[in-house]
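Q: Below you'll find the structure I mean.
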Amino acid sequence: MPHQNILQKLGLRQVINVSGTMTVIGASSARPEAVAAIADILPRFVEIDELQRAAGRMIAKACGAEAGFVTACTAAAITLAVAAAMTGVDRAAIARLPDAAGLKNEVVILAGHLISYGAPVDQAIRLAGAKVVPVGQATSVAEYELEAAFTPQTAAAVYVVSHHTAQSGMIGLGRFAEIAHAKGVPVIIDAAAEYDLKGFLRDGADLALYSAHKFLRGATAGIVAGRRDLVQAAYLQNHGIGRGMKVGKEGIVSTIVALETWEQADHAAQRRREQELLDLWQKTLANRAGVSAVAIPDPTGNPVDRLRLTVLPEQAGTTAWDLVTALAAGTPSIVVRAEFLELGCFELDPCNLGRDEAEIVAQRLVRVLDDARAGKQAMSAFADWRSAEEKEIWQA
Ligand SMILES: *Cc1c(COP(=O)(O)O)cnc(C)c1O
């Protein structure tokens, strides 16, 4: 019997990830340094508070923060950060949550920031026992609306930075924080997938929250960074509602190592490698009828470009939906970034794969498009009628 990897042993299909860092397919390919650190610590005992202090030192350095700790994921971090703003270090209040009686419990958030990352962000807030106060409209908000949303009961203001949010008509973080701080309210920023580890705290956030399993390529974990008193209050939630969101020693240690490696990494070289993959795919698709491929920058300014493919069904003989479905159905399964499917587009993200896998993606694109042109692939007549839920399975 030749050596089998864990996917083969379990009878699972190999996935090539051209979607970015998506939870539903395992988020990211963990760095070898993180994998080694996990193997090293898993058989050992360690005082978790000590390990968290070491993580706190690394987070403080990497994020330019007073303090920090590691939790299960960003979704957990949102709940713990909101709870911290409500209870402070009052151990009795921490034990009473999610019963918020007697506590400030309103959390202000722009309506355009009420996104889903696979679950609604407002639910992560409500889990702490807080009440969500949306401000403005889905696509617009005025400063007077934000100012009027604060009451004596406001505990925190949550700000989301993501390609999922409304990308215009919102209030910038700097101004948002000024208004919140004028009301004496701390700002919590969900920056789960953002590469900028220092800028949001510098621009006025009191707590910044990141996923360790996205661009940092650690194991699944979340980073809480920021004001010392709030970090301490958030950490104490581990003796309350945070217990069910516990991170293990492997998550903490891999976050430390992922941050260290990130600090030392040659980001320009990574960018060049990614550009080579985009060039390969673009060259592969050049002069193909019905498919255009254009490199586009990340919408929130992360240093990553993606190749956006637009499919014209009449000429290509297939739709974006059918193309994406065919790529995912093959072996290995190829999962693309499929946010704009009903608009006839999808994207290839180069940040999570090597040259070999990129070549497979190129070959499969050619095969699937050739099959479509030859009429070998069924084309669904009502592609744009497919449900939002069906689309959501591609992108959480
Ligand atoms: C991924 C993501 C989350 C959830 O992060 P997890 O660490 O997987 O819980 C929250 N907010 C945004 C904006 C995200 O992109």
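Taken together, the values in this text are just the output of simple stated rules run on the coordinates, not laboratory data. No experiment lies behind these values; they were computed from the predicted model shown. Cβ coordinates were reconstructed from backbone atoms using ideal geometry, including for glycine residues, and neighbour counts include every protein chain displayed.
Q: What spacing in nm lies between the two simple spin-label points modelled at D40 and E145, each 7 Å away from Cα in the Cβ direction?
A: 5.1 nm
Q: Okay, next question. If I take R0 = 56 Å and measure r between the Cβ atoms of E359 and D90 in this structure, what FRET efficiency does the formula 1/(1 + (r/R0)^6) give, to the nearest 0.05?
A: 0.45
Q: Here is a follow-up. If you rank S19, S162 by fewest surrounding Cβ atoms within 10 Å, what's the result?
A: In order of increasing Cβ crowding within 10 Å: S162, S19.
Q: Further, regarding this structure: What is the extension gain from A101 to A265, computed as 0.36 nm multiplied by their sequence separation minus the C-alpha to C-alpha distance, in nm to one decimal?
A: Length difference between fully extended and current span is 54.3 nm.
Q: Could you tell me the distance between the Cα centroids of the stretch 3-21 and the stretch 147-185, to the nearest Å?
A: That distance is 41 Å.
Q: Amide H of T319: which non-local residues (sequence gap of 5 or more, or other chain) have their own amide H closer than 5 Å, using H built in the peptide plane?
A: Close amide H contacts, sequence-distant or interchain: S380.
Q: Take the alpha carbon gyration tensor of the stretch 65-212, find the square roots of its eigenvalues, order them as a ≥ b ≥ c, and report rounded if a/c is under 1.5; if not, report prolate when a/b exceeds b/c, else oblate.
A: Here the stretch 65-212 falls in the rounded category.
Q: Here's another thing I want to ask about it. As I understand it, the value is the acute angle between the Cα axis of helix 267-285 and the longest principal axis of the Cα atoms of the chain; what does it come to in degrees, rounded to 10?
A: 30 degrees
Q: Counting only the backbone N, which residues of the stretch 64-102 are under 13 Å from the spot 7 Å out from the Cα of D229 toward its beta-carbon?
A: 85-90
Q: So, one more: Classify the stretch 156-267 from the C-alpha gyration tensor, please: rounded if a/c falls under 1.5, else prolate or oblate depending on whether a/b exceeds b/c.
A: oblate
Q: Please list 3J(HN,Hα) in residue order for the stretch 88-94, calculated via the Karplus relation 6.51 cos²θ - 1.76 cosθ + 1.60 where θ = phi - 60°; whole Hz, with x for glycine and proline.
A: With the stated coefficients, the stretch 88-94 comes to x, 9, 6, 5, 5, 5, 4 Hz.
Q: Tell me, H3, H164 in order of fewest to most beta-carbon neighbours within 10 Å?
A: H3, H164
Q: Just grab the label-to-label distance for S29 and A138, each label 7 Å out from Cα along the Cβ direction, in nm (one decimal).
A: Distance between label points: 3.8 nm.
Q: Relative to the first principal axis of the alpha-carbon coordinates of the chain, what is the inclination of helix 74-87, with its axis defined by its Cα atoms, in degrees from 0 to 90 and to the nearest 10?
A: Between the helix axis and the principal axis of the chain, the angle is about 20 degrees.
Q: Under a 10 Å cutoff between Cα atoms, tell me which one of Y144, Y210, Y159 has the largest fluctuation in the Gaussian network model of the chain.
A: Fluctuation is largest for Y144.
Q: Principal axis extents for the stretch 1-40, Cα atoms only, whole Å, descending order, please.
A: 33, 29, 13
Q: Beyond 23 Å between alpha-carbons counts as too far, so tell me which of K61/K214; K104/K183; K131/K183; K198/K249; K9/K249 fall in that bin.
A: K198/K249; K9/K249
Q: In Å, what Kirkwood hydrodynamic radius results for the chain from the alpha-carbon pair distances?
A: Taking every pair of different Cα atoms in the chain, averaging 1/r and inverting gives 22.4 Å.
Q: In degrees from 0 to 90, rounded to the nearest 10, what is the angle of the helix 173-182 Cα long axis to the longest principal axis of the chain?
A: That works out to roughly 20 degrees.
Q: Show which lysines lie in cross-link reach of K283 when reach means a straight Cα distance below 22 angstrom and same-chain residues fewer than eight apart are skipped.
A: Reachable lysines: none.
Q: Write down the percent of antiparallel bridges among all DSSP beta bridges whose residues are both part of the chain, to the nearest 5.
A: Taking every DSSP beta bridge within the chain, about 55 percent pair in antiparallel fashion.
Q: By counting other Cβ atoms within 10 Å of each Cβ, how are I6, I252 ranked from fewest to most?
A: With the fewest neighbours first, I6, I252 line up as I6, I252.
Q: Taking a ≥ b ≥ c as the square roots of the eigenvalues of the Cα gyration tensor of the stretch 37-110, is the shape rounded (a/c under 1.5), prolate (a/b larger than b/c) or oblate?
A: Taking the square roots of the gyration eigenvalues as a ≥ b ≥ c, the stretch 37-110 is prolate.
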